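The values are calculated or read from the model by the stated rules, or taken from the named source; none is laboratory data. These numbers were taken from a predicted model, which means no experiment stands behind them. Every residue, glycine as well, gets a Cβ built from its backbone with ideal geometry; the counts of neighbours run over all protein chains shown. Note: areas computed on protein heavy atoms with side chains; ligands, DNA, RNA excluded. Shrake-Rupley method; radii C 1.70, N 1.55, O 1.52, S 1.80 Å.
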Amino acid sequence: MTVVSPVCVETPAKINLYLGVGPRRADGYHELATVFQALDLTDQLEAEPLESGVQLKLRSGKGVPAGPSNLAVKAARLLKREYEVPQGVRLTLEKRIPVAGGMAGGSADAAAALVACNALWGLGCTQAQLSQLAARLGSDVPFSLCGGTALGAGRGELLTPVLSTGEFTWVVATSFTSLATPDVYATFDKLRGTDFPEPSVPRALLSALRSGDQVAVGAHLHNDLQAAAVSMRPELDLLLEAGRDYGALGAMVSGSGPTCVFLASDHDHAMELSVGLSGTGLCKQARIATGPVPGPRVTRTRT
């Protein structure tokens, strides 16, 4: 193995255009039927060689753990262990994806760590090999590794690429507070009970993505966890309604929340939405993002 120069990786956030949640499985997870899309709202991860061990430094990201519980650290350690790498790595993370916001920021960082360390250590792992490790790290990590638009089944780790035409423009409104995914699922279980059918993604949404029909995509946005998130953060309902009043083609809570996303007709409309939502005082920040975009990519090496 050859140790290469330190590398920098950009890794995208994800949203669920459709999130159908089935009953709790024997392993504690829920069966999912979802459509992921990666957005150009990214974290940045730098990796540089150490003699041994795995270290993480945070440039930003209040509330993000910097120790062994961080998914990026877990990913680097898993790759190091699986391929018996003697060298270590120092990771430096700059957070831009909302923390505990339902956009898989931690999973994105894990995917970035796999890509960065694979390059740093000169392992030459294929996408398929990294994907196998990604599935061991978390349900969203496999999609975070591949990006684009994809169907997710199982607990979200079983992926099928989805043909998506054109570019979709989103406004991502972050909340003043956070929500823990296990708490949202627990509330979902209480609200829904146990007697409900297995979820499935509507064909109309897949057809709309294939044709690039933004209006139809907006009409078919759906999140089974939204009711649970709103019950825990009632102000989210006011934010979603405000987005619809400003002409959003679709509005929903992203994943387990509390971040909300709004589909705009174009960039100018997104600017109007962003300004309007920011002025309501119901969100911390409203940013414009586009998708789909590829998964983590090495953007530069430092000399």
Per-region count, the stretch 216-253, residues part of a helix (DSSP H, G or I), touching a residue at least 40 places away in the same chain (Cβ under 8 Å) and within 16 Å of Ser265 (Cβ to Cβ): 3
statement: Residues of the stretch 209-227 being closer than 14 Å to Leu151 by Cβ and open to solvent by less than 50 Å² (accessible area, probe 1.4 Å), in sequence order, are Leu209
message: Can you list residue pairs whose Cβ atoms sit under 6 Å apart, with the first residue in the stretch 83-106 being farther than 30 Å from Lys284 by Cα and the second being surrounded by 18 or more Cβ atoms within 10 Å (Cβ to Cβ) and among the small types (Gly, Ala, Ser)? Count only pairs 6 or more apart in sequence or on different chains.
response: Val89/Ala47; Val89/Ala76
field: Unmet criterion (only one of (1) closer than 20 Å to Pro296 by Cβ; (2) open to solvent by 30 Å² or more (accessible area, probe 1.4 Å); (3) in a loop (DSSP other than H, G, I, E, B)) for Lys57
entry: (3)
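Taking the stretch 150-195, which residues are part of a loop (DSSP other than H, G, I, E, B) and farther than 20 Å from Thr259 by Cβ? Break it down stepwise before answering.
Taking the stretch 150-195 and keeping what is part of a loop (DSSP other than H, G, I, E, B), we get 154-157, 162-167, 175-180, 193-195.
Scanning the stretch 150-195 gives Gly154, Arg155, Glu157, Val162, Leu163, Ser164, Thr165, Gly166, Glu167, Gly193, Thr194, Asp195.
Hey, among Gly102, Gly152, which residue is touching a Phe, Trp or Tyr at 6+ places or on another chain (Cβ under 7 Å) and buried (at least 24 other Cβ atoms within 10 Å of the Cβ)? I'd like the intermediate steps shown before the answer.
Details: Gly102 fails: touching a Phe, Trp or Tyr at 6+ places or on another chain (Cβ under 7 Å).
Among Gly102, Gly152, only Gly152 is touching a Phe, Trp or Tyr at 6+ places or on another chain (Cβ under 7 Å) and buried (at least 24 other Cβ atoms within 10 Å of the Cβ).
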message: Residue under question is Arg287, and the condition is that it be modelled with pLDDT of 95 or more, open to solvent by 20 Å² or more (accessible area, probe 1.4 Å), in a strand (DSSP E or B) and not small (Gly, Ala, Ser); does it hold?
response: yes
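Counting just the residues of the stretch 123-149 that are part of a loop (DSSP other than H, G, I, E, B) and not small (Gly, Ala, Ser), which one comes out surrounded by the most Cβ atoms within 10 Å (Cβ to Cβ)? Break it down into steps so the answer makes sense when it comes.
Residues of the stretch 123-149 part of a loop (DSSP other than H, G, I, E, B): 123-126, 138-140, 148.
From the residues that got through so far, the ones that are not small (Gly, Ala, Ser) too are 123, 125-126, 140.
Working: Leu123: 19, Cys125: 19, Thr126: 10, Asp140: 28.
Ranking the qualifying residues of the stretch 123-149, first place goes to Asp140.
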